[in-house]
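Let me begin by presenting the structure, written as structure tokens, before commenting on it.
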Amino acid sequence: MEVLDFAVVNEARMDAAANAYYDRLLQGVAQMFEQGLAGLRDSPDKRKMLRLVALTRRKHHRAENFLKGLGGPLRVPFAVAEAGKPLFLDALQSVMDLLFDATREYPHGAGQIRVTQHVVLDAR
């Protein structure tokens, strides 16, 4: 996974040949993971792995990076906003993960979402 992290982090600094090489590498690894996961029952671990694969294909996003695209830092430091940032990022990431999971196509029909202390996605 370190190779994948390197490619994602350093993509902007790579020349065209290096970019093409890592794109092929990422696609091959992502395809291998997807094929391996395809036969597994739905579970939180499977969904987590599918989200990681989707990150490499830019079909899913990290909340922190998503927020960077929405705006820059506060012009005037505001302690309450800074203190709440980790809580907001965790909540936003959970929502983004749920949306990704809910929009995936399940082999056994539509998924049902059940909200308890944690959000649980059932594939039935």
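Please treat every number below as a calculation from the coordinates, not as lab data. Because the structure is a prediction, the values reported are computed rather than measured. As a convention, Cβ positions derive from the backbone with ideal geometry for all residues, glycine included, and neighbour counts pool all protein chains shown.
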Self-check item: Net lengthening on full extension, Ala17/Ala91 (0.36 nm per residue, minus Cα-Cα)
Solution: 22.8 nm
Self-check item: Qualifying aspartates and glutamates (Cα of each under 12 Å from Cα of Lys59; at least 8 residues distant if same chain)
Solution: Asp97, Asp101
Quiz item: Which ordering of Val80, Val29 is given by a fewest-first count of other beta-carbon atoms within 10 Å?
Solution: Val80, Val29
Quiz item: Given labels modelled 7 Å from the Cα in the Cβ direction, how far is it in nm from Asn10 to Thr103?
Solution: 3.1
